[in-house]
Amino acid sequence: MQHSGTKTIETERLILRQFRLEDAEDMYKNWASDDAVTRYLTWPTHGSVETSREVLRIWTEGYASPDYYQWCIEYKESGEAIGSISIVNINEKIDSVEVGYCISRKYWHQGITTEAFHALISYLFYEVRVNRIEARHDRKNPWSGKVMEKCGLKKEGVKRMGDRNNTGICDTIYYGIIKDEWQGNR
């Protein structure tokens with residue numbers, strides 16, 4: 001892989017960019033404080049904007065490393081931070097990354113997460129030069145799987161009782177795509 005860090009990526013409706021400390025208010029009000037958004041995530045709902053600010057402080061320090069990938073999803077029309085998309089796991093041995101994402105409930109079912117993930121896939125394959133991108137979701141959250149499918153990832157299997165999130169121990173469905181498949185379909 002050729003790590004290049006969290007570079008700005010622009011799409012029709014979005015700017016994927018590095019988080020800033022001043023995004024804490026948007027983060028808290030738009031998604032991190034919403035139990036519906038965090039229900040299937042592995043981190044707890046934020047109880048205060050200070051919690052969001054502390055998370056952003058840690059994330060912004062990470063940007064010094066070229067193998068750190070954490071994007072703010074900014075909605076161009078409003079200029080608001082409305083979610084995040086990041087690399088949650090890197091496997092250098094096989095040039096593979098795992099992507100995770102979350103977005104404000106206000107923007108669910110509008111193709112925004114798909115738009116962000118699709119742009120990120122292109123960046124990861126062509127600039128970072130990964131060979132494989134994967135993602136996973138709780139079986140009880142099929143909408144997340146729909147995003148993965150729309151982005152060209154294929155369902156690879158179910159790990160029964162294989163993860164823990166805010167609902168407890170859960171079945172996890174895995175999806176993946178390799179670079180040759182992406183190139184062949186584009």
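The values are calculated or read from the model by the stated rules, or taken from the named source; none is laboratory data. All figures in this text were calculated on a predicted structure; none of them were measured in a lab. Positions of Cβ are generated from backbone atoms using ideal geometry, with glycine treated the same way; all protein chains shown enter the neighbour counts. Side chains included, ligands, DNA and RNA excluded: accessible areas come from the protein's heavy atoms. Shrake-Rupley method; radii C 1.70, N 1.55, O 1.52, S 1.80 Å.
Miscellaneous remarks
- For the chain, the longest site-free run once GluC sites (Glu not before Pro) in DSSP loop states with at most 14 other Cβ atoms within 10 Å are removed: 78-186
- With all pairs of separate Cα atoms included, region 52-126 yields a Kirkwood hydrodynamic radius of 13.6 Å.
- Once you divide the Cα radius of gyration of the chain by 2.2 N^0.38 Å, the number left is 0.98.
- Within the accessible area of the chain (1.4 Å probe), percent carbon and sulfur: 47
- Coarse-grained scattering of region 81-186 at q = 0.12, 0.13, 0.21 Å⁻¹, given as base-10 log I(q)/I(0) from a Debye sum over alpha-carbon atoms: -0.40, -0.47, -1.20
- Counting only protein heavy atoms and a 1.4 Å probe, region 11-87 has 47 square angstrom of accessible area per residue.
- Secondary-structure-derived ellipticity at 222 nm for the chain, considering helices only, amounts to -7000 deg cm²/dmol, per-run term -39500 (n - 2.57) for DSSP H runs with n ≥ 4.
- For GLU181 and GLU50, a Förster radius of 35 Å and the Cβ-Cβ distance give a FRET efficiency of 0.20, rounded to the nearest 0.05.
- Among the listed pairs LYS76/LYS155; LYS7/LYS29; LYS106/LYS179; LYS93/LYS155; LYS29/LYS93, those whose Cα-Cα separation exceeds 30 Å are LYS76/LYS155; LYS106/LYS179; LYS29/LYS93.
- Working from Cα pairs under 8 Å separated by at least six residues, relative contact order for region 35-186 is 21 percent.
- Given a 1.4 Å probe and the protein chains as shown, ARG139 ends up with an accessible area of around 110 Å².
- In sequence order, region 72-88 has phi-based couplings of 7, 9, 9, 7, 4, 4, 9, x, 8, 6, 10, x, 9, 9, 8, 8, 9 Hz under the Karplus curve 6.51 cos²θ - 1.76 cosθ + 1.60, θ = phi - 60°, and Gly or Pro positions carry x.
- A 1.4 Å probe run over the protein chains yields, for region 112-186, 50 Å² of accessible area per residue, whole-number rounding.
- Whole-angstrom gap from region 33-47 to region 75-119, using each part's C-alpha centre: 16
- Under 5 Å, built H, 5+ apart or other chain: amide partners of THR11: LEU16
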